[in-house]
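Following: one structure in structure tokens, then a few remarks.
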Amino acid sequence: GAGVSQSPRYKVAKRGQDVALRCDPISGHVSLFWYQQALGQGPEFLTYFQNEAQLDKSGLPSDRFFAERPEGSVSTLKIQRTQQEDSAVYLCASSLDGNTEAFFGQGTRLTVV
Amino acid sequence: GDSVTQMEGPVTLSEEAFLTINCTYTATGYPSLFWYVQYPGEGLQLLLKATKADDKGSNKGFEATYRKETTSFHLEKGSVQVSDSAVYFCALRDSNYQLIWGAGTKLIIKP
């Protein structure tokens, strides 16, 4: 596709529900990043993939968060047993490699009620 | 750890005014510095970047100079337009691939 695509754009989840957020990176981009952006704040790093390998997951806030990119293209960020503090915009970005320009999707706004 | 501090918003200016948005950083290494812009309803877009000291990044009339001595990367534009209204983020990338972000500055330009 022309850019990074994320779905859904908006998600409302009841506390305790599991959610899955999808990211379609730009075709051919090796690197993929997930960031979490709380209201009024800058994004914070969650995890990084190079192809299908998850090279860094140091930013995942708890073991309820899990990300995968099984075929080195589409990635899914899964949050189990959602809590109110998980409410944020989840951003996906891709780049040709880890050191070139990162292109961002529009994000998924998650609201946990 | 590394961090980025940028001026709080909102910043409200009249059209054709001069813009400065301050950004300072702390980093242990020699980071690359970035300004991203987020227009309403859109994703983050790279506005400009600088990869070493004294480099000047520029795009769409915006400029920022990498000042190692003051650890700053202030964003400037000589004459802003209503279409520049957006949220601006300063960010750095140090020895690895992670971007470290400021909190963002909302810019409002009034006609």
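Here are some notes:
- Among the residues of the stretch A:13-25, none qualifies, meaning not one is more than 13 Å from the chain's Cα centre (by Cα), modelled with pLDDT under 95 and not small (G, A, S).
Residue-wise test of (1) within 13 Å of chain B (Cβ to nearest Cβ); (2) in contact (Cβ under 8 Å) with a residue 60 or more places away in the chain; (3) closer than 17 Å to B:Y36 by Cα.
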{"site": "A:D18", "(1), (2), (3)": "no, yes, no"}
{"site": "A:Y48", "(1), (2), (3)": "yes, no, no"}
{"site": "A:T82", "(1), (2), (3)": "no, yes, no"}
{"site": "A:D97", "(1), (2), (3)": "yes, yes, no"}
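- Matching residues, the stretch B:32-82, being in contact (Cβ under 8 Å) with a residue 12 or more places away in the chain and small (G, A, S): B:S32, B:A50, B:A53, B:G57, B:G61, B:A64, B:S72, B:G78, B:S79
- Near pairs, Cβ below 9 angstrom, 6+ apart or cross-chain, from the stretch A:28-46 (more than 11 Å from chain B (Cβ to nearest Cβ) and closer than 18 Å to A:T111 by Cα) to any residue that is outside any strand (DSSP E or B) and hydrophobic (A, V, I, L, M, F, W, C): A:W34/A:L60
- Here the strands (runs of 3 or more DSSP E) wholly within the stretch A:3-69 that include at least 2 residues being within 30 Å of B:M7 (Cβ to Cβ) are A:31-37, A:44-50.
- Tally, over the stretch B:25-47, of residues that are out of contact with any Ser or Thr (no Cβ under 7 Å at 6 or more places or on another chain), within 16 Å of B:V4 (Cα to Cα) and in a loop (DSSP other than H, G, I, E, B): 4
- Selected residue [within 26 Å of A:D97 (Cβ to Cβ) and at the interface with another protein chain (Cβ under 10 Å from one of its Cβ atoms)] from B:L92, B:L46: B:L46
- Counting only strands (runs of 3 or more DSSP E) that sit wholly inside the stretch B:48-111, those with at least 1 residues that are modelled with pLDDT of 95 or more and within 16 Å of B:L19 (Cβ to Cβ) are B:56-59, B:62-65, B:75-77, B:86-93, B:105-110.
The values are calculated or read from the model by the stated rules, or taken from the named source; none is laboratory data. Computed from a predicted model, the values in this text were never measured in an experiment. Note that we place each Cβ from the backbone using ideal geometry, even for glycine, and neighbour counts take in every protein chain shown.
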